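Below is one structure, written out as structure tokens; comments come after it.
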Amino acid sequence: MGMYAAFLAVAGLIVLAFLGVQAAGLHFLFGALIPYVAFLVFVGGFAYRVYLWGTSPVPFRIPTTAGQMQSFDWIKPNRFDNPSNGFGVVVRMILEVLCFRSLFRNTKSEIHEGRLVHGSEKMLWLFAILFHYAFLVVFIRHFRLFLENVPGLILIIESLDGFFQFGVPFVYLTDIMLVAGVLFLLARRIVLPQIRYISMMADYFPLFLILGIALTGILMRYFIRVDITAAKAFVIGLVSLKPVSAPEIGVIFYIHLFLISSLLVYFPFSKLMHMGGVFMSPTRNLANNSRMVRHINPWNPEVHVHTYAEYEEEFRDKMKQVGIPVEKE
Amino acid sequence: MYNGGKILLGLIIFIGLMASPFIFGLGKGDAKPTPSIDTPEIKAMAKKQCVEPKEVMKTEHMKMLNDWRDSVVRDGKRLYKATDGKEYNMSLQNTCMKCHSNKTKFCDKCHTYVGAQPYCWDCHLTPKEGV
């Protein structure tokens, strides 16, 4: 159910952009106003979401302990899977963010010959990392259209990406990887009954949306080409805050742009916030030092205590009178 | 906010990265390339038209050059029949560059602007200009 709804929603966005640009001629609305608003919603929403997370107290140390904790000197601790200091946490976070280490430990359980067996499952990790890095390279590559003088580094990335020099213009390897990654992540939710059972519209929608963005981009580069010089001039107009209406660029460009705007607006309100959330997850970014450092819950109410010293101070005379021993004479 | 310093630092880096195209883009936007067709050969033409209309050439020239190369190198066929019926010799150096003899002021203008790196001149001799 959610799958069809998500698909229809993305199809609807495409039709909306097509009609808005082709039939109604709203080039400025779809080309400039909506992207500006989307960008502001994205950055503002992202920052606000992170701020909300930042204001949530984390009173206890709750790291997932995936290895031997720091203990006696003669027991070897696992420094990175159960870090007890800041350095270990930094390494753990780097491994998590750059290598998806926790996903690498993904397992699956199956009934084999009547018995439940557990085994390692690396495909999800493989396609997830393929997808994320391909997306990152595609994102970085796009800066050739956002910066007036293209930096040499971006040209190098671009030529490496088109290394095999097939197709016109050269087919980018990351285009293929990105689509392969999304299709795997999508197929997983459609084909596997267990995963399908727990998948909702919010799981399918971003996948269809990213697939739409990738496919419109691929169409625009290899099949329904647009005047790329005019497109870059238009984008430079956007980032230099001098937006213009550019009806000479093909409608596919506006569909691509509108889908990206939709993604940006959707981002802060969705599971995609794992981009910021991975840095904020207390099960990863806290050192397991509960037994070395006393952590005081920051929202504990102030408790008025009456220590024994104060008690004795108050009742010393009476205690002496009835012969109760006191610490201080 | 708890651990406010680290979170704010992260947010500032994030917003800085996101805003970087705007920061670099400020005051820019006037460098839209204008490829020059100011060559003696084009000036002498009565009707200034390329092999195909300008709008088609803008988006399809890379594909056309690739098709030409395949046709010439693999099949040995050099005759191109344009959509308006005219016939051309499929040749980068003898047909394209005969009119567009100003590579640096024509080809390179847009290619540099959008960061396109075509491999034409890996094999072909880079034309001498100003002759």
Select from segment B:70-95 the residues that are open to solvent by less than 60 Å² (accessible area, probe 1.4 Å), of a type in the set (S, T, N, Q) and not in a helix (DSSP H, G or I) and list them in ascending order. B:SER91
Within segment A:220-237, the residues that are more than 9 Å from chain B (Cβ to nearest Cβ) and basic (Lys, Arg) are A:ARG221
It is to be established whether one or more residues within segment A:91-103 are polar (S, T, N, Q), more than 14 Å from every other protein chain (Cβ to nearest Cβ) and more than 30 Å from B:TYR119 (Cα to Cα). yes
Could you identify the single residue in B:MET62, B:MET45 that is facing another protein chain (nearest Cβ under 7 Å) and free of Cβ contacts under 8 Å to residues at least 60 places away in the same chain? B:MET62
Exclusive hit being away from chain B (no Cβ under 14 Å) and open to solvent by less than 40 Å² (accessible area, probe 1.4 Å), set A:VAL182, A:VAL171, A:VAL191: A:VAL182
With the checklist (1) closer than 30 Å to A:MET93 by Cα; (2) more than 14 Å from every other protein chain (Cβ to nearest Cβ) in hand, flag the one item A:ASN297 doesn't pass. (2)
Suppose we keep only residues that are of a type in the set (A, V, I, L, M) and not in a helix (DSSP H, G or I) within segment B:1-54. Which one would you say is surrounded by the fewest Cβ atoms within 10 Å (Cβ to Cβ)? B:ALA46
Identity of the residue in segment A:227-239, of a type outside the set (A, V, I, L, M) and part of a helix (DSSP H, G or I), that ends up farthest from A:ALA38 (Cα to Cα): A:THR229
Take A:PHE163 and decide whether it is in contact with a helix residue (DSSP H, G or I) (Cβ under 8 Å, 6 or more places away or on another chain) and in contact (Cβ under 8 Å) with a residue 40 or more places away in the chain. no
Just checking, which of B:THR39, B:THR34 is more than 14 Å from chain A (Cβ to nearest Cβ) and modelled with pLDDT under 90? B:THR39
Hey, B:THR59 under 13 Å from the mean Cα position of the chain (by Cα) and in a helix (DSSP H, G or I) or not: yes
Show the residue pairs that are 6+ apart or on different chains and have beta-carbon atoms under 7 Å apart, the first residue being within segment A:45-57 and facing another protein chain (nearest Cβ under 8 Å) and more than 16 Å from A:TRP299 (Cβ to Cβ), the second being open to solvent by 50 Å² or more (accessible area, probe 1.4 Å) and in a helix (DSSP H, G or I). A:ALA47/B:ILE15
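The values are calculated or read from the model by the stated rules, or taken from the named source; none is laboratory data. Since we're looking at a predicted model, the values are computed, not measured. Positions of Cβ are backbone-derived with ideal geometry, glycine not excepted, and every protein chain shown enters the neighbour counts. Accessible surface is based on the protein model in full, side chains and every heavy atom, while ligands, DNA and RNA are left aside. Shrake-Rupley method; radii C 1.70, N 1.55, O 1.52, S 1.80 Å.
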